[in-house]
Amino acid sequence: MASSEEYLFEYKGCYFIKTLITPEYLDTLEDFEIRESDVFLVTYPKSGTVWTQNILSLIYHEGHQNGTEEADLIDRVPWLECKFRNVDYATRTSPRLFATHLPYYLVPKGLRNGRAKVIYVARNPKDALVSYYHYSKLNIYIKDAQDFDILMESFLAGKVPAGLWLDHIDGWSTHRDNFNILFLTYEEMKKDLRSSVLKICNFLGKSLPETKVDDIVDKASFDKMRVDPRTNYETIAPDILDNTKGHFLRKGTIGDWKNIMTVAQSERFDSIFKERMEKLPFKFCWDIKDEL
Ligand code: PPS
């Protein structure tokens, strides 16, 4: 089987998908001008990006909340390092919302020591890996990543999009004082979405009526997002995703890794990840029943 890394290129110690992102464009991002009103959602892939993009869009866009405007999430909260639509991000009206998987050292330098806001959402890396494994079957550019064991080795070596999970989260948390940043976990969102939405609103300085918060929580539920064409990615990227092979919004649960990883695979994963993970300043919940 071909190496699972052939669809990637390395840029300054991180990996990117060749067909979606170019090194020339990444070069320009360091000087991308930041506005105080910008909001950046930062995630390691498969950690709740689209979920939080949707929450941000619902908070900021009245037309999204009341359903009067038809716009795909990727247009409301575009992916900084990948220009699906070829729009000029510099001319977008404020407040601009962006999503990115970039490590802390590749984001625009104006984000440091600035007032623009960053929301980092982390997820149990085993679940992110398993989600990525399933997603790799849909994404037509990731053809050769279909053997779980091979993919897991690439993941543990950091030879996957956005690089090593440990470096990504460690980098962002170690440098947290350089950014105006809120950390959340997929698991806390899953267990109490309303509290997470309120945390996000509070961080963004948005005071919404209770009914609007209720509405956001409802529209950001897995079941609602799965059937909403603006959020389920089924119409957004038909040239990238083969939706006959599954759904982008696949399962949306905590602990799905247990359904695919063998005990040996889980132990190998822990032998490489556990020590550094335990030093991270986060309380991860490994099980749906774990206390937050
Ligand atoms: S990507 O490609 O990096 O942008 O993917 P990302 O959006 O970060 O992660 C996709 C996973 O998030 C799940 N998801 C949700 N879970 C719970 N509730 C809601 N509303 C929700 N929306 C997206 C999605 O199902 C993917 O996880 P898995 O485990 O594969 O289901």
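Details
- In segment 92-125, residue surrounded by the most Cβ atoms within 10 Å (Cβ to Cβ) [restricted to those that are of a type in the set (Ser, Thr, Tyr) and outside any strand (DSSP E or B)]: TYR104
- So ALA128, is it out of contact with any Gly (no Cβ under 7 Å at 6 or more places or on another chain), closer than 22 Å to ARG112 by Cβ and either in a helix (DSSP H, G or I) or open to solvent by less than 50 Å² (accessible area, probe 1.4 Å) (or both): no
- Candidates LEU182, LEU166, LEU198, LEU156 - the one that is in contact with a Lys or Arg (Cβ under 6 Å, 6 or more places away or on another chain), more than 16 Å from the ligand (Cβ to nearest atom) and aliphatic (A, V, I, L, M): LEU166
- For first residues located in segment 169-184 and more than 22 Å from SER196 (Cα to Cα), partners that are at pLDDT 95 or above and open to solvent by less than 30 Å² (accessible area, probe 1.4 Å) and lie 6+ apart or on another chain with Cβ distances below 7 Å form the pairs GLY171/PRO103.
- Residue check for TYR25: under 20 Å from ILE240 (Cα atoms), surrounded by fewer than 17 Cβ atoms within 10 Å (Cβ to Cβ) and modelled with pLDDT of 95 or more: yes
- Just one of the numbered conditions (1) near the ligand (Cβ under 9 Å from one of its atoms); (2) over 23 Å from LYS283 (Cβ atoms); (3) part of a loop (DSSP other than H, G, I, E, B) is not true of ASP223: (3).
- Candidates LEU204, LEU193 - the one that is at pLDDT 95 or above and more than 13 Å from the ligand (Cβ to nearest atom): LEU204
- Residue count for segment 34-70, restricted to those that are more than 16 Å from the ligand (Cβ to nearest atom) and either open to solvent by less than 10 Å² (accessible area, probe 1.4 Å) or touching a strand residue (DSSP E or B) at 6+ places or on another chain (Cβ under 8 Å) (or both): 4
- Members of segment 105-141 that are over 24 Å from THR185 (Cβ atoms) and either among the hydroxyl-bearing types (Ser, Thr, Tyr) or more than 12 Å from the ligand (Cβ to nearest atom) (or both): PRO108, LYS109, GLY110, ASN113, GLY114, ARG115, ILE140, TYR141
- Failed criterion for PRO161 (all others in (1) assigned to a loop (DSSP other than H, G, I, E, B); (2) away from the ligand (no atom under 16 Å from the Cβ) hold): (2)
- In segment 126-142, the residues that are under 23 Å from GLU267 (Cα atoms) form Cβ pairs under 6 Å with partners that are small (Gly, Ala, Ser) and within 8 Å of the ligand (Cβ to nearest atom), at six or more places apart or across chains, as follows: ALA128/SER47.
- Qualifying position, being open to solvent by 50 Å² or more (accessible area, probe 1.4 Å), within 14 Å of the ligand (Cβ to nearest atom) and either in contact with a Ser or Thr (Cβ under 7 Å, 6 or more places away or on another chain) or part of a helix (DSSP H, G or I) (or both), among ASP214, ASP218: ASP218
- Residue under evaluation ASN86, criteria (1) out of contact with any strand residue (DSSP E or B) (no Cβ under 6 Å at 6 or more places or on another chain); (2) open to solvent by less than 30 Å² (accessible area, probe 1.4 Å), criterion not met: (2)
- Residue within segment 229-251 that is at positive phi and open to solvent by less than 50 Å² (accessible area, probe 1.4 Å) present: yes
- Listed here are the helices (runs of 4 or more DSSP H) enclosed by segment 1-91 that have at least 3 residues being closer than 14 Å to PRO108 by Cβ: 23-29.
The values are calculated or read from the model by the stated rules, or taken from the named source; none is laboratory data. Note that this is a predicted model, so its numbers are computed, not measured. Positions of Cβ are backbone-derived with ideal geometry, glycine not excepted, and every protein chain shown enters the neighbour counts. Each accessible area value is taken on the protein alone, full model and side chains, heavy atoms only, with ligands, DNA and RNA left out. Shrake-Rupley method; radii C 1.70, N 1.55, O 1.52, S 1.80 Å.
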